[in-house]
Amino acid sequence: MFDKLETLDDLLEMQLKDLYSAENQLVKALPKMASKAKDGRLRQGFETHLRETEKQVERLEQIGQTLGIDLDGHTCKAMEGLIAEGQETMSERATDEVMDAALIAAAQRIEHYEISGYGTAAHYAERLGQQQVATLLQQTLSEEQHTDTKLNELAKNYINAKAV
Ligand SMILES: [Fe+2]
Ligand SMILES: [Fe+2]
């Protein structure tokens with residue numbers, strides 16, 4: 001993708017392309033996860049996060065425009081792997097409760113990956129004096145964190161208890 005990473009700008013560009021690919025993959029994957037979820041709150045959670053994810057894609061496009069970067073053309077292999085593992089789980093035979101617990105486990109792995117990516121990218125943008133970009137990235141970061149917290153609460157208070 002890059003001949004050489006020379007500056008923090010290059011690194012930010014790489015991170016943004018990776019996130020852009022990851023989010024686009026998630027726009028496709030989240031409806032499948034939602035349709036597999038048996039618990040209404042979990043299904044709703046996935047649907048809400050799908051709408052957020054579509055906004056996150058737009059936010060990245062806005063950032064690309066601000067920085068004059070084309071974010072297309074890269075594939076986030078880590079997200080491909082996380083989604084593939086999630087799909088493997090979804091094809092297993094499982095009781096409703098256990099499937100919901102497994103969906104949460106897969107979704108939290110995904111959120112943690114995104115949290116890491118956005119945290120790093122936001123920090124780079126700040127260091128580069130791109131405050132507007134940093135603010136947009138932080139906005140998405142807090143959505144990912146909020147989603148992770150909601151999944152955690154659902155798992156701990158309800159679904160994992162039912163799955164025992
Ligand atoms: Fe996201
Ligand atoms: Fe997310």
Rg(Cα)/(2.2 N^0.38 Å) for the chain, N = residue count: 1.09
About the Cα centre, charge dipole magnitude for the chain (Lys/Arg +1, Asp/Glu -1 at Cβ), debye: 640
Relative contact order of segment 8-163, defined on C-alpha pairs under 8 angstrom at six or more residues apart (%): 29
Segments 93-99, 142-148 sorted - mean Cβ within 10 Å per residue, highest first: 142-148, 93-99
Acute angle (nearest 10 degrees) that the helix 77-90 long axis makes with the longest principal axis of the chain, alpha-carbon atoms: 10
Amide proton proximity set for Asp39, modelled H, under 5 Å, gap of 5+: none
Pairwise label distance in nanometres, Asp96 with His112, each label 7 Å out on the Cα-Cβ vector: 2.9
Nearby lysines by direct alpha-carbon distance to Lys28 (threshold 22 angstrom, same-chain neighbours under 8 apart not counted): Lys17, Lys36, Lys38, Lys55, Lys77, Lys150
Residue among Thr53, Thr89, Thr140 with the largest mean-square fluctuation in a Gaussian network model of the chain, springs linking Cα atoms under 10 Å: Thr89
Segment 71-124: translational diffusion in µm²/s, Stokes-Einstein, Kirkwood Rh over Cα pairs, 20 °C, 1.002 mPa s: 170
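Students often check this: by mean Cβ neighbours within 10 Å, which of 129-139, 109-119, 65-75 ranks highest, and how do the rest follow? Present the calculation step by step, with values, prior to reporting the outcome.
On the way: 129-139: 16.9, 109-119: 19.4, 65-75: 13.4.
Ranked from most to least packed, the peptides come out as 109-119, 129-139, 65-75.
Bear in mind these aren't lab numbers, they're just calculated from the coordinates by the rules spelled out. This structure is a prediction, so every number in the text was calculated from the model and none was measured. Methodologically, a virtual Cβ is constructed for each residue, glycine included, from the backbone with ideal geometry; neighbour enumeration extends over all protein chains shown.
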